[in-house]
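The values are calculated or read from the model by the stated rules, or taken from the named source; none is laboratory data. Just so we're clear, the structure is a prediction, and the values are computed from it rather than from any experiment. Note that each Cβ is placed from the backbone with ideal geometry, even for glycine, and that neighbours are counted across all protein chains shown. The area values use the complete protein model at the heavy-atom level, side chains included, leaving out ligands, DNA and RNA. Shrake-Rupley method; radii C 1.70, N 1.55, O 1.52, S 1.80 Å.
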Amino acid sequence: MKILMIEDNKSVSEMMGMFFKKEQWDAHFAYDGNEAIDMFKATPHDWDMITLDLNLPGKDGMTVSSEIRQISQTVPIIMLTARDSESDQVLGLEMGADDYVTKPFSPITLIARIKALYRRAQMNTIGDNTQQNGDQAEDFDVETNNFKLSSSTREAYLDDKLIPDLTPKEFDLLKTLAQKPKQVFSREQLLQLVWDYEFYGDERTVDAHIKKLRQKIEKVGPQVIQTVWGVGYKFDDSKAGD
């Protein structure tokens, strides 16, 4: 794995460098936002993973994440932030991060989250290539009277209207829920199914993605992701099309 760590604290970078070396990853470091953008732009297709601090000199992490996403929609990004509020986490996800880890963090936890996100990204790539190369790939993985979803195009439609600007994680989350209509998924189940986290997940990651996903769904139709209080979330499009 070729990983770019964007972190202005050199002590943190040096510490994580030792862990990356133990994993035999090809690790590179940028210490401010401008340097990070220059490094990424030089070889945008070479990076397998980015960890991104929120508070950076030059350009802050939100700006860096947004600019990286303008170049690549697929490179996995984990945002590192000392802030612990839902609004910052949601904003980070909106700017293109796939996940976040709150400082101070355990290096072992960060390594586990990187591995999980990388595995998921690899699985999506393999799945997309398989469908692109298949002779007769089905148009839609999920199709009801009111909702359609296609993994080959990474698009979802409600009442025949395209749900706009779905990030890779938002699409995966919607697909997971929609494949089993009315089945209730706990946050722990969604972390394992969508993020591949078994022991290191933060349930607020699910809530933040659900919040952004709902906002995009509501642009085209009624809400199809329902909260089951005290349990989790479910997909129900029975009220769509009315």
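Descriptive notes on the structure:
- The candidate values are (i) 23, 22, 17; (ii) 32, 19, 17; (iii) 44, 18, 15; the one derived from this structure for semi-axes √(5λ) of the Cα gyration tensor in Å carries the label (ii).
- Among D165, D53, D32, the largest mean-square fluctuation in a Gaussian network model of the chain, built with springs joining Cα atoms closer than 10 Å, belongs to D165.
- Accessible area per residue for the chain is 50 Å², calculated with a 1.4 Å probe on protein heavy atoms, without ligands, DNA or RNA.
- Applying a DSSP loop filter and a limit of 14 other Cβ atoms within 10 Å to the trypsin sites (Lys or Arg not before Pro) in the range 157-191 leaves K182.
- Derived scalar couplings between HN and Hα for the range 92-105 equal x, 5, 5, 7, x, 5, 8, 7, 9, 10, 8, 7, x, 10 Hz in order, rounded to whole Hz, by the Karplus curve 6.51 cos²θ - 1.76 cosθ + 1.60 (θ = phi - 60°), x for Gly and Pro.
- Distance between the range 10-40 and the range 151-174 - C-alpha centres, whole angstrom: 33 Å
- Of the beta bridges in the chain, as assigned by DSSP with both residues counted there, near 45 percent are antiparallel.
- The chain - percent relative contact order, Cα under 8 Å, separation 6 or more: 14 percent
- Counting only residues at least eight positions apart within a chain, or on another chain, the lysines with an alpha carbon under 26 Å from that of K148 are K161, K169, K175, K180, K182, K211, K212, K216, K219, K234, K239.
- Taking label points 7 Å from Cα along the Cα-to-Cβ direction, D60 and E188 give a separation of 3.6 nm.
- Stretchable slack from A42 to D159, in nm (0.36 nm times residue separation minus alpha-carbon distance): 37.9 nm
- Between E203 and M18, the distance separating the two model label sites (each 7 Å from Cα on the Cα→Cβ line) works out to 3.5 nm.
- Under a 5 Å amide H cut-off, with hydrogens placed 1.01 Å from N, V228 pairs with Y233, K234 among residues at least 5 apart or on other chains.
- Mean Cα-pair separation over length for the range 143-242, i.e. relative contact order, pairs under 8 Å, 6 or more apart, %: 31 percent
- Summed over qualifying helices (DSSP H, 4 residues or more, each -39500 (n - 2.57)) and divided by its residue number, the chain shows a 222 nm mean residue ellipticity of -13000 deg cm²/dmol.
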